Each structure stands twice: as C-alpha cells, then as structure tokens.
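First the structure, in the form of structure tokens, and then the observations on it.
The values are calculated or read from the model by the stated rules, or taken from the named source; none is laboratory data. Computed from a prediction, not measured in an experiment: that's the story for all the values here. Every residue, glycine as well, gets a Cβ built from its backbone with ideal geometry; the counts of neighbours run over all protein chains shown. Side chains included, ligands, DNA and RNA excluded: accessible areas come from the protein's heavy atoms. Shrake-Rupley method; radii C 1.70, N 1.55, O 1.52, S 1.80 Å.
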Amino acid sequence: MSAESEPALSAAPTAGMDDETALRLLREGHLEIAGRLVEATNMTLYCSIRHGGLAAACVYKPVRGERPLWDFPDGTLAAREVAAFEVSAATGWRIVPPTVYRDGPFGPGMCQLWVDADPEADLMALIRGRQPALRRMAVFDAVINNADRKGGHLLPLPDGHVYGVDHGVCFSADDKLRTVLWQWRGKPLSREAMNVLARLERDLEQGRLGRRLRELLTLAEVEATWVRVRRLLDTGLHPLPSQDWPAIPWPPI
C-alpha cells in the first residue's frame, strides 16, 4: 500500500503486542493522520496511534469517506469491517487484524491495526497454494459472504500466518461470495472447520457474537450469517462458485 505522504510510524512497535492490548490501544489512543492510501476506493487514512506508552500504526476509514453502494444500501462499510473482525475473533483463527469502531479526526469510522506483509511473498503463488491458513480463510469468507476476496487483500507474514483485510462488502443477505480462494470448492470441510462452525452457530444464536453483530449489521444480515453457517454444517462441504454471478472479483489481485 502507498500513502500520499511518508508514514510517520512503522508497524514495528506492535511486535509482541497481544490482540487485547492492541484493541485497547485502538479504542483509547490518540489518532494522528500520516497519509492517505491513494489506491483505496474509499477514504483510507494511514495513522499513528499512541496511548499510555504504547504506539502503533493503523488504518482509519471514516464513514463520511465512504462511497454509497447500490448493492449494500444499509449500514456502513466501517461497521461491516468491525463485524468481520468480531467473526474472526470468534473463530480463534485471527484472520482479521484487531479492528474497532471509534471516533476520529473525520468522525466515526473503523480503526484497524496496520500489518506489514512479507515483502518477499509471491501473491500469485500464495493464492494458488493450499496452506491451512488459506483454507481457514476460505471458510471464513463463506461465513461472512465476502464479495471481494482479492489477492491484494491477503497479508502473508514471514512466519506463515496470513491476515485478511478490506471486509467492507461482506454480510449481504444475498449470496455474493467472490474470491480467489476456490481451491477447496466442493471438498469436505476439515474437522477443525466443522468444530469452529458449530461454535459459531451457538455464538450467533445465544452468545456474544450474535449480540455484537446485531449492533453492527441489520437483522436480516445477522440471520443470513447464521443460515450460511448452518448450510456449511449441513453439507459439510466448501461452497461451489455460483452460476449466477462472477465468482472471482475484478481485478483478482
């Protein structure tokens, strides 16, 4: 990602920071804008954040900088980004970097910990691979109905972990899954995935996740999320590409 001005802070100070500490920093820290990511469709600001001796880099996407989308007329992209983090946290897979909804210099929006991807990583090779981290992400995307899983939305780390970012067009009540991760289409879900999905179903029905998503999404979107989880559990299979709409986002990277 590139910014209009030189970043004021690298992500190095976050080394060793656990997610709870990162979330507290994102919620309570002072945001200072360092630049704008000019490749992003909506206003995406690179910021430094500091609080209580801690410092990190983060991305801030204010609601006022969002462009209206005809197929996502309700709610905000920022709230969907936070909802994606909540689902990620509930899975235990840590797919989405710590993300909160908070006020900022341009009003309310989402604030997400900046992650420096491995500069040596080959994205084309990555999206063709079959790493367990990508298989988990394919399940995660099926749950949140990700309409835009591009290769550029993958952040591989040197240790093999892969983060996913840019989840503003997720959670539609209509099936909209578009992704570059179709390696497992129609294949049986792993035992790990089935266990995680069973836990998600319970958490959506009567746990914190369901309550939290109802704060961020429409009731129809929350109910559709439960239906997708139930469908995955019933079939025990990774979903197949739709025949009714493009299955791969454009551009794919």
(request) Starting from the residue with the highest accessible area, list VAL196, VAL63 in decreasing order, probe 1.4 Å. (result) VAL63, VAL196
(message) Give me the percent relative contact order of region 47-95, please, defined on Cα pairs under 8 angstrom at least 6 residues apart.
(response) 20
(request) Round to the nearest 10 and report in Å² the accessible area of MET124, as given by a 1.4 Å probe over the protein chains' heavy atoms. (result) 80
(request) Among PRO68, ALA83, THR99, flag the residue with its Cα farthest along the positive direction of the charge dipole of region 62-102, charges on Cβ as +1 for Lys/Arg and -1 for Asp/Glu. (result) THR99
(request) Go ahead and estimate [θ] at 222 nm for the chain from helices alone: -39,500 (n - 2.57) per DSSP H run with n ≥ 4, summed, over the residue count, rounded to 500. (result) -10500 deg cm²/dmol
(request) Give me the accessible area of CYS111, 1.4 Å probe, in Å² rounded to the nearest 10. (result) 0
(message) Apply the Karplus curve 6.51 cos²θ - 1.76 cosθ + 1.60, θ = phi - 60°, to the phi angles in region 110-119 and return the couplings in whole Hz, x for Gly and Pro.
(response) 9, 10, 10, 4, 6, 10, 8, 6, 5, x
(request) Report ³J(HN,Hα) in whole Hz for each residue of region 46-55, in order, from the Karplus equation J = 6.51 cos²θ - 1.76 cosθ + 1.60 where θ = phi - 60°; Gly and Pro get x. (result) 8, 9, 9, 9, 9, 6, x, x, 9, 8
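Could you please tell me the mean projected area of the C-alpha convex hull for region 80-167, averaged over all directions and given in square nanometres to one decimal?
On the way: hull surface 24.0 nm².
If you wrap the Cα atoms of region 80-167 in a convex hull and average its projections, you get 6.0 nm².
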(request) Taking H placed 1.01 Å from N in the peptide plane, check which residues at least 5 places from LYS150 or on another chain put their amide H under 5 Å from its amide H. (result) none
(request) Enumerate the calculated ³J(HN,Hα) couplings along region 74-84 in order (Karplus 6.51 cos²θ - 1.76 cosθ + 1.60, θ = phi - 60°), each rounded to whole Hz, writing x wherever the residue is Gly or Pro. (result) 9, x, 10, 5, 4, 5, 5, 4, 5, 4, 4
(message) Tell me the accessible surface of GLU86 in square angstrom (1.4 angstrom probe, heavy atoms of protein chains only), to the nearest ten.
(response) 20
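Please report the projected area of region 145-212's Cα convex hull averaged over all directions, in nm². If you can, show how the numbers build up before the last one.
Working: hull surface 24.5 nm².
Over every viewing direction, the Cα hull of region 145-212 projects on average to 6.1 nm².
Under a Cβ-Cβ cut-off of 12 Å, what is the net charge of the residues other than ARG24 that fall near it, where Lys and Arg count +1 and Asp and Glu count -1? Let's see the in-between values first.
On the way: positive: ARG27, ARG102; negative: ASP18, ASP19, GLU20, GLU28.
Every neighbour counted, the sum reads -2.
With contacts defined as alpha carbon pairs under 8 Å and 6 or more residues apart, what's the relative contact order of the chain in percent?
Values: 453 pairs, mean separation 43.6, N = 253.
Over the chain, the number comes to 17 percent.
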(message) Which of the three applies to region 137-253, rounded, prolate or oblate, going by the alpha-carbon gyration tensor with a ≥ b ≥ c and a/c under 1.5 meaning rounded?
(response) rounded
